[in-house]
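Peer 1: Following this message is one structure expressed as C-alpha cells.
No value in this document is a laboratory result; all are computed from the given coordinates. Here the structure is a predicted model, which means the values were calculated and not measured. All Cβ positions, even for glycine, are placed from backbone atoms using ideal geometry, and neighbour counts span all protein chains on display.
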Amino acid sequence: MMTNNNNQESIQISGHLGPIKALDVPLTLEISPLTVFIGPQGTGKSLVSQLLYFFRDAQYLISTHSKQEEPEGSVRKVVEGIRSGENSKRSFSSFVMGDKVDISYTNEDNHQGKDDWTITCYESNRTIRPKSKFNQEIQSWLMKIVDNPSLSGDVQSNALFVPAERSFFSRLINSDPQSLGGSELPITMREFTRFLFKSADTHQKWQEDFQEQPLEVKEIDRLITHELRGHAVFSRKGLYARRWQWMPEESNRPIEIEMASSGQMETWPMVSIAQAMFGWKTSQRPLFIHIEEPETHLHPSAQVAITKLLTYLCNKGFRLVITTHSMLVLYVLNNLVLAAQNLPEENFDNLPDASLRLAPNQLSAYLFSDGTAISIRDRESGQLDESKLSSVLGNLETQYNQIQAYDILWR
C-alpha cells in the first residue's frame, strides 16, 4: 500500500557479512526516496538491496512464502528464498563470517508509526533469529493466518524487486510462462513474474478501452519509446492473443518479444510494469521499487531515458533503490538535481522537464568497495561526488597519455 514519501529509513549491518566488513563500527545507510548503490562486482550492493527488500515487505513475504512456520523458521525461509530457489543447498549463513551478524532496519513515517526491527544471523547453526519486537510482530502475522488461512491472500505486497535477469523473462514469458513461477526460482523472480502477469491484464484492458489509459502511461511512452526504438504490446486477440510482443518504432508489424534486441528484452518488463502500476488502485501499488542494473545492455541515450524514468517514478511518490555499474546514471542524476536547484518550475527546450528534476534531499548514493559503503553525495551542494568514482577513468586517461608520449619522453 502506497503511503507518502516522507519515510525516514535506514539499514544497519554489524559484523562481517560476505563482502561487508562492519567489524568495529556498524555500517549504517540512510535510505532516501531515490537511493543508488554503485561499485565493483561482488561488493555487497545486491545483498544489501535484497535485505532491505525483505524488511520493507516482510509481512507480505512471510505471510505468502514461509508456509506459516514459527517466526525463526519463517524468516530464514524468506531471507534464503530471496537469494536462491527452494531446491538450492546453499544457506544465508555462508555470508556470516564470525559468530553472528546483526542486521537492523528502521522505518518511520507520519501515518504508520515506526518499525525498528533486527535479525541476527548465526554462522554455526544457520539460524536467522528475529529479535524481540520483530519476533512479536511476525508471530502476530502468522497467528492471523493460522486463525483464518484465507487472510493470507488479503495481505498486499508493498515492494517490487526488478531482478537483473530480465531477458530470462523475455525468453519464457510466452513459451513457458508457468516455469517463471516455479519454486526453484528465487522469491524475487517469482514475485516479479506475478507483477508481470498482473501488468499484462492491465495492458490488455487498455487495448480494449484506450480511454482508460492514465496520463502517466503516455508520459512514460514519450520518455522511453523512441530511445528503445519501440515498445512492448500485449495482444488481445488473434494468433498471438495473450502473448507479449515487440512493436518496432514506425512499424505496425509486431515481432515475438524474444526476437527483440538484448537491451529491449532487458528493459520492456520494468517499463511495462511501471506503466501498469498507474492503472491499479493506490492501495495495490508497491511503494518500494528495487531495480538491479537498469542500464543493462542499453545504448547511452537509452540509459539517460531509463534514468529519467527512475526520477519520474520517484516524483510520483515511489521509493526506489537502484544498483548500478554505470557512471552515466550518476551524471544524469547530477544534472537532474542541478536542474531542480537552478531552473524555474517550467519546461525548456533541451533541458530536463520539471517532472523529471530531482530535489537534492530526495537522493542518496553509496559507493561500495573495500568491505564498506560510503556516501558520495555532497551534503552542501546536493550533488554526487564523481571524483570518488573516476579513478578508473583517470587511470585510463593517464595510461593513454603515457602511450602517446612514448616516443617523446621515454627515449
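Peer 1: Mean-square fluctuation check for the chain, GNM, Cα pairs under 10 Å: which of 349, 147, 201 is largest?
Peer 2: 349
Peer 1: Charges at C-beta only: +1 for Lys and Arg, -1 for Asp and Glu. How large is the resulting dipole of the chain about its Cα centre, in Debye rounded to 20? Working shown, then result.
Peer 2: On the way: 40 positive and 50 negative charges, 180 e Å.
So the magnitude is around 860 debye.
Peer 1: May I pose another question? Around residue 153, what is the net charge, scoring Lys/Arg as +1 and Asp/Glu as -1 over all other residues with Cβ under 15 Å from its Cβ? Working shown, then result.
Peer 2: Numbers: positive: 67, 144, 194, 198; negative: 147, 154, 191.
With Lys, Arg at +1 and Asp, Glu at -1, the neighbours total +1.
Peer 1: Something else about it: Going Cα to Cα from residue 281, which lysines come in below 27 Å? Please leave out same-chain ones fewer than 8 positions away.
Peer 2: Cross-link targets: 114, 144, 198, 205, 218, 237, 308, 316.
Peer 1: May I pose another question? In a GNM of the chain with a 10 Å cut-off on Cα contacts, which of 145, 11, 38 has the highest mean-square fluctuation?
Peer 2: Residue with maximal mean-square fluctuation among 145, 11, 38: 145.
Peer 1: How much length is gained if the chain between residue 218 and residue 327 is pulled fully straight, taking 0.36 nm per residue apart and subtracting their Cα-Cα distance, in nm to one decimal?
Peer 2: Extra length available between residue 218 and residue 327 comes to 36.4 nm.
Peer 1: Next up: Just tell me the longest site-free run in the chain, where the sites are GluC sites (Glu not before Pro) in a DSSP loop having at most 12 other beta-carbon atoms within 10 Å.
Peer 2: On the way: sites that count: 184, 249, 250, 345, 346, 380.
Answer - 1-183.
Peer 1: Find the all-direction average of the projected area of the Cα convex hull for the chain, expressing the result in square nanometres with one decimal place.
Peer 2: Approximately 25.2 nm², given one-decimal rounding.
Peer 1: Sticking with this structure for a sec: In the Gaussian network model of the chain, springs joining C-alpha atoms below 10 Å, which of 252, 135, 350 carries the largest mean-square fluctuation?
Peer 2: 350
Peer 1: Given +1 on the Cβ of Lys and Arg, -1 on the Cβ of Asp and Glu, and no further charges, what dipole in debye does the range 163-285 carry about its Cα centre, rounded to the nearest 20?
Peer 2: Working: 16 positive and 17 negative charges, 62 e Å.
Dipole size: approximately 300 debye.
Peer 1: Taking the alpha-carbon centroid of each part, what is the distance from the range 63-139 to the range 218-240 in angstrom?
Peer 2: Measuring centre to centre over Cα atoms gives 39 Å.
Peer 1: Would you mind telling me the antiparallel percentage of the DSSP bridges in the chain, rounded to 5? Write down the numbers at each step before the final one.
Peer 2: Working: 42 of 61 bridges.
Within the chain, antiparallel bridges account for around 70 percent of the total.
Peer 1: Turning to a different aspect of this structure: Between residue 374 and residue 114, what is the label-point separation in nm under the 7 Å Cα-to-beta-carbon projection?
Peer 2: Reported label-point gap for residue 114 and residue 374 is 3.0 nm.
Peer 1: Using the Cα centre of the chain as origin and beta-carbon charges of +1 (Lys, Arg) and -1 (Asp, Glu), tell me which of 322, 395, 146 is placed farthest towards the positive end of the dipole.
Peer 2: Value: 146.
Peer 1: Also: Give the average over all directions of the projected area of the C-alpha convex hull of the range 163-285, one decimal, in nm². Could you put the intermediate results ahead of the total?
Peer 2: Numbers: hull surface 30.8 nm².
Averaged projected area of the range 163-285's Cα convex hull equals 7.7 nm².
Peer 1: Hey, what did the range 231-368 get for relative contact order, percent, Cα under 8 Å, at least 6 apart? Intermediate values should be presented prior to the final figure.
Peer 2: Details: 141 pairs, mean separation 21.9, N = 138.
Rounded, it is 16 percent for the range 231-368.
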